[in-house]
Amino acid sequence: MCDPVSITLGIMSAVSSVQQASAASDAQDAAYEENLRASNEAKKDADRQINLQQAQADEAAATEKLQNDLQTQETLARAVVAGGESGAQGNSTVAAQENIVRQGLEANNMITQNLEREIDQLHEERLGTQSTHTSRVNSVSKGAGVGMGTVLGAIAGGASTGLSTASSMKSLGIMQGGGKPKVGSAASGNPLTSSTIGGFNTRRS
């Protein structure tokens, strides 16, 4: 049976192992939370920048369309006035006016197509931002906690420490009650026993 000192050392070793595992798990949880916070902030900034780019693209497209419409109207008005002043009428005049309107519509369609391509590109950037965010969050895991396996491992380690301590104490002759190995006993193999000494004295007399 192990002495109280060995048992105490074994228990202290087991408790220390569990405390170290708990501290490591808490530190890992803290690292996970910090990484999650930083990842979310980075994604918010990226999304904000993409939204700003889209808003600027929408505004620029709307402004350009408005300018085209005004230019088309002015060009068409000048064509009508010029036709009236020249007295020109008929299909040729109508065709010229229709051509002005068509050019304005084509210019606006080109603006719309360019805007759609830019929006598609921004959508791809959003997908890339989401993927980057997910990868960054997954790069740091949560703490494992202190499970039953950890506790059992600590107990086994503590028991091993206790047994090792008890074995070391026994080999050094530190027994319960503070006893020490006897010197000069038959068990120790000392040749100077009482009978030997008596025989020696007899021979001398």
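The values are calculated or read from the model by the stated rules, or taken from the named source; none is laboratory data. This structure is a prediction, so every number in the text was calculated from the model and none was measured. Neighbour counts are summed over all protein chains in view; Cβ atoms, including those assigned to glycine, are modelled from backbone coordinates with ideal geometry.
Looking at Glu106, Glu41, just one residue is closer than 30 Å to Ala23 by Cα and free of Cβ contacts under 8 Å to residues at least 60 places away in the same chain, and that residue is Glu41. Within the stretch 13-38, residues that are modelled with pLDDT of 90 or more have Cβ atoms under 8 Å from residues that are outside any helix (DSSP H, G or I) and of a type in the set (Ser, Thr, Tyr) in these pairs: Tyr32/Ser141; Asn35/Ser139, counting only partners at least 6 apart in sequence or on another chain.
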